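The values are calculated or read from the model by the stated rules, or taken from the named source; none is laboratory data. In this text the structure is predicted, and so the values were computed from the model without any measurement. Neighbour counts are summed over all protein chains in view; Cβ atoms, including those assigned to glycine, are modelled from backbone coordinates with ideal geometry. When the accessible area is computed, the model is the full protein with side chains, heavy atoms only, and any ligands, DNA or RNA have been set aside. Shrake-Rupley method; radii C 1.70, N 1.55, O 1.52, S 1.80 Å.
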Amino acid sequence: MPLKVSNTWLLNYADSDYEATCHGVTNSLTGSAIFTNPQPPLPELIALLSTFTDSASRAKGGGRAETAAKHAARLACSQGFRELGQYIDATATTLEQFLSSKYPMQKERAPIGIQPAPSNLRVKHGKVSGSLDAACDVSDHRVLYEWQTAVGQIPADWTIQPTSNSSRSTFSGFTPGTWVNTRCRFRVPAGAGDWSSVVQIMMV
C-alpha cells in the first residue's frame, strides 16, 4: 500500500483534538526543508485555523448562530487542510518525510494471505428435487467462496459452480438416485486456498 495521508480526522476528530492536530501540522511545516511551498500557504491555513478556534470558543457559550458559525469555520478550515494533505502526498517520498509533517497517515493494512480450507462443510437436500443446499463456516476475512461438485461415489470430474461472496450456495440439476460430491475453497487476491473435505450425498 503506498504511503498516503488520511483525511478522516477532518470529520471525525472532536474540536479539541482537531485543533491540536491542525496546530501540530502547521508548526511542523513552518521552516520545513522538505515542504518548502505548502499549498495552501501556511499563513492562509493559520488564518483559517484561527477563525475556527475563535468561533469554537464563542460557540461554547452561544446559541445556534454561534454553533452554525463554528461549523462553517471548521468546514473552511478542513478544506484548506485537505488540500494541504494532497500537497504532502505529492511531495513526501519516504516514511520519515511523511511523519515529519505531523499530518495523520492512513493505516497500512497487511494483505490477506492464502486462506486455509473452509471448515464444517454441510450439504442437505434442497427444496426442489435434484437440488442441494451447501454451507460452510464463514471466513473472518473478505473472501470469495469457490464451489465445485462431482457426480459418482468416487468423484473424478469436478464441475465448477458459481463463485459467490456468501458461505451458502444452492446447486440444482442433479438426477435423483445419484451420488453428488461437494467441496469449497476460499479465494483472496493472493490466490486460492486448499479445498475443504468432500461431502457426499445421494440425491432424491
*One residue from Val180, Val151, Val204 being of a type in the set (A, V, I, L, M) and either farther than 16 Å from Gly130 by Cα or open to solvent by less than 50 Å² (accessible area, probe 1.4 Å) (or both)*: Val180
*asked:* Could you go through region 37-45 and let me know if any residue there is under 30 Å from the mean Cα position of the chain (by Cα) and exposed (fewer than 15 other Cβ atoms within 10 Å of the Cβ).
replied: no
_Tally, over region 126-137, of residues that are of a type in the set (Asp, Glu) and at pLDDT 95 or above_ = 1
*Can you name the condition, by its number, that Phe52 falls short on among (1) among the aromatic types (Phe, Trp, Tyr); (2) out of contact with any Asp or Glu (no Cβ under 8 Å at 6 or more places or on another chain); (3) farther than 30 Å from His141 by Cβ?*
(2)
*Please work out which residue is surrounded by the fewest Cβ atoms within 10 Å (Cβ to Cβ), limiting yourself to region 74-103 and to residues that are hydrophobic (A, V, I, L, M, F, W, C) and more than 28 Å from Arg58 (Cβ to Cβ).*
Ala90
*Selection count, region 118-147, where residues are within 27 Å of the chain's Cα centre (by Cα) and among the β-branched types (Val, Ile, Thr)*: 2
*For region 97-137, what are the residues that are more than 30 Å from Ala33 (Cα to Cα) and in a strand (DSSP E or B)?*
Arg122, Val123, Lys124, His125, Leu132, Asp133, Ala134, Ala135
*Quick one: is Ser172 hydroxyl-bearing (Ser, Thr, Tyr), open to solvent by 70 Å² or more (accessible area, probe 1.4 Å), touching a Lys or Arg at 6+ places or on another chain (Cβ under 9 Å) and more than 30 Å from Leu10 (Cβ to Cβ)?*
no
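Matching residues to (1) outside any loop (DSSP other than H, G, I, E, B); (2) modelled with pLDDT under 95:
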position: Ser139; (1), (2): no, yes
position: Glu146; (1), (2): yes, no
position: Thr149; (1), (2): yes, no
position: Ala156; (1), (2): no, yes
position: Phe174; (1), (2): no, no
position: Asn181; (1), (2): yes, no
position: Ile201; (1), (2): yes, no
_Here is a list: Lys60, Lys70. Which entry is open to solvent by 40 Å² or more (accessible area, probe 1.4 Å) and either out of contact with any Phe, Trp or Tyr (no Cβ under 9 Å at 6 or more places or on another chain) or more than 30 Å from Arg185 (Cα to Cα) (or both)?_
Lys60
*How many residues, within region 158-169, are part of a loop (DSSP other than H, G, I, E, B) and open to solvent by 20 Å² or more (accessible area, probe 1.4 Å)?*
6
*asked:* Of the residues Gln115, Gln106, only one is within 25 Å of the chain's Cα centre (by Cα), touching a residue at least 12 places away in the same chain (Cβ under 8 Å) and open to solvent by 40 Å² or more (accessible area, probe 1.4 Å); which?
replied: Gln106
